[in-house]
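Below: the structure, in structure tokens.
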Amino acid sequence: MTGGLLWSLTGLALLDSINAATTWLVIVILLGAKRPAPTGWAFMLGVAVSFLAFALMFYFGLTFADSVLEGFTLWLRRLLFAGLALALVVMGVRRLKPRERKGYTLPPWVNAWSALPFGVLATIGDLPNAFPMVLAVERLIDADVASPTAVVVLIGYTLVYALPSALILAAGLAFNEKLREQLQSMLSSHSSGTAGPSPKAAVACFAGAAASLAVLLLWVG
């Protein structure tokens, strides 16, 4: 485990932590749950535990695949960057058109007891966005990091992943009355109505796609 690898994994974890779906669900819990504190922390526990479980499943599954198929991690890396470039192009095209905003609501069955499995379901639903985590696992395997060390690293990765949402939850619980109006305004502005075209966001997506293809051709390929 080198310093450079550790910093790159930290960067991937920070990128992964910018998780809009989990963040908005935390805000929905703060605004709509009858008991926001136990419900919110149970939800975060479900998110963190399930995320770590999936990371470990990817790690041990890909480790086995790499031991059986020579060059598997290289092809996986190529697939990841090609998929990321394609996803960014699709996102860029969508940003050029008006689109209905996706609403976030708290299912009526979610409470302090059912919030943990709700967190698991939210993580499963967000797995298509797990590109940074899969790339982090691939980096660990490619660097031939020992399994016990890799498990510890993935636990730390999960903590970084969950930190922003946990901080928002803690702040919302500590300053509920002061922040409630602002949180409601943020939620309403991002979960209702129609979003207009955003050429700047589209350009950023296309630039990201070009960067992914450059990495694919110059570094991975």
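Things worth noting here:
- Where a residue in the range 33-44 is farther than 14 Å from Val120 by Cβ and its partner, wherever it lies, is among the β-branched types (Val, Ile, Thr) and open to solvent by less than 30 Å² (accessible area, probe 1.4 Å), with Cβ under 9 Å and at least six apart: Ala33/Thr39; Ala33/Val110; Pro36/Ile29; Thr39/Ile29; Thr39/Val110; Gly40/Val26; Gly40/Ile29
- Conditions (1) open to solvent by 20 Å² or more (accessible area, probe 1.4 Å); (2) in contact (Cβ under 8 Å) with a residue 60 or more places away in the chain; number of the one not met by Phe64: (2)
- Cross-chain or 6+ apart pairs with Cβ under 8 Å, the range 90-118 first and within 14 Å of Trp24 (Cβ to Cβ) and open to solvent by less than 60 Å² (accessible area, probe 1.4 Å), then modelled with pLDDT under 75 and not in a helix (DSSP H, G or I): Gly103/Ser192
- Within the range 46-98, the set of residues being closer than 22 Å to Leu217 by Cα, of a type in the set (Gly, Ala, Ser) and modelled with pLDDT of 75 or more comprises Ala82, Gly83, Ala85, Ala87, Gly92.
Let's see how each residue does on (1) open to solvent by 40 Å² or more (accessible area, probe 1.4 Å); (2) more than 30 Å from Ala85 (Cβ to Cβ); (3) modelled with pLDDT under 75; (4) not β-branched (Val, Ile, Thr):
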| site | (1), (2), (3), (4) |
| --- | --- |
| Pro132 | no, no, no, yes |
| Pro148 | yes, yes, no, yes |
| Val153 | no, no, no, no |
| Pro164 | yes, no, no, yes |
| Ser185 | yes, yes, yes, yes |
| His190 | yes, no, yes, yes |
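The values are calculated or read from the model by the stated rules, or taken from the named source; none is laboratory data. Bear in mind the structure is a predicted one, so any value in this text is a computation, not a measurement. Backbone-built Cβ (ideal geometry, glycine too); neighbour counts: all protein chains shown. Just the protein is used for accessible areas: all its heavy atoms, side chains included, with ligands, DNA and RNA removed. Shrake-Rupley method; radii C 1.70, N 1.55, O 1.52, S 1.80 Å.
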